[in-house]
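The values are calculated or read from the model by the stated rules, or taken from the named source; none is laboratory data. Note that this is a predicted model, so its numbers are computed, not measured. When we count neighbours, we look across all protein chains shown, and the Cβ atoms used for this are built from the backbone with ideal geometry, even at glycine. In case anyone asks, the SASA skips ligands and DNA or RNA and just uses the protein heavy atoms, side chains included. Shrake-Rupley method; radii C 1.70, N 1.55, O 1.52, S 1.80 Å.
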Amino acid sequence: MRILNYVALQDSGVLINPMMVDGQVRGGIAHGIGNAILEWMGYDDSAQPITTTFADYLLPGAMEVPDIETLYKETPSPLNPLGAKAPAR
């Protein structure tokens, strides 16, 4: 599998620290890619984990994460004076 292009649009309200928001969005994307195509948590017959190191439990690196285009729509929240929004849960 190869991801050719990834575009993310996020409405975080007013961006108080844009660099932190961008890092959080990119980290979440990388985690999602890893979860979808790399990560596997294995267990033995006694229900003990067998993927206990990063050599066994693969995480995405720079080669697995494509270039990500991040777009932000700043729609201020009316619920606080900063206009910031909490992340979706």
- [ ] Using only Cα atoms, tell me the angle between helix 18-37 and the longest principal axis of the chain; keep it within 0 to 90° and round to the nearest 10.
- [x] 30
Open item on the list: Can you compute the charge dipole magnitude of the chain about its Cα centre, using +1 on each Lys and Arg Cβ and -1 on each Asp and Glu Cβ, nothing else charged? Give it in debye, rounded to the nearest 20.
Closed with: 400
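Could you give the accessible area per residue of segment 24-78, probe 1.4 Å, as a whole number in Å²?
Working: 3960 Å² over 55 residues.
Value returned for segment 24-78: 72 Å² of accessible area per residue.
Could you work out [θ]222 nm for the chain from helices alone, using -39500 (n - 2.57) per DSSP H run of at least four and dividing by all its residues? Round to the nearest 500 deg cm²/dmol. Each step should come with its number before you reach the end.
Working: 1 runs with 20 residues, N = 89.
Estimated from H runs of four or more residues: -7500 deg cm²/dmol.
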- [ ] Would you mind checking the radius of gyration and Dmax of segment 1-63 based on alpha-carbon positions, in Å?
- [x] 15.9, 50
- [ ] Take D11, project a point 7 Å from its Cα along the Cβ direction, then tell me which residues of segment 57-89 have their backbone nitrogen under 13 Å from it.
- [x] 72-78, 85-86, 88
TODO: Quote the relative contact order of the chain in percent (integer), defining contacts as alpha-carbon pairs under 8 Å separated by 6+ residues.
DONE: 49
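I'd like the carbon and sulfur percentage of the solvent accessible area for the chain, probe radius 1.4 Å, heavy atoms only, ligands and nucleic acids excluded.
For the chain, the apolar C and S fraction of the accessible surface comes to 58 percent.
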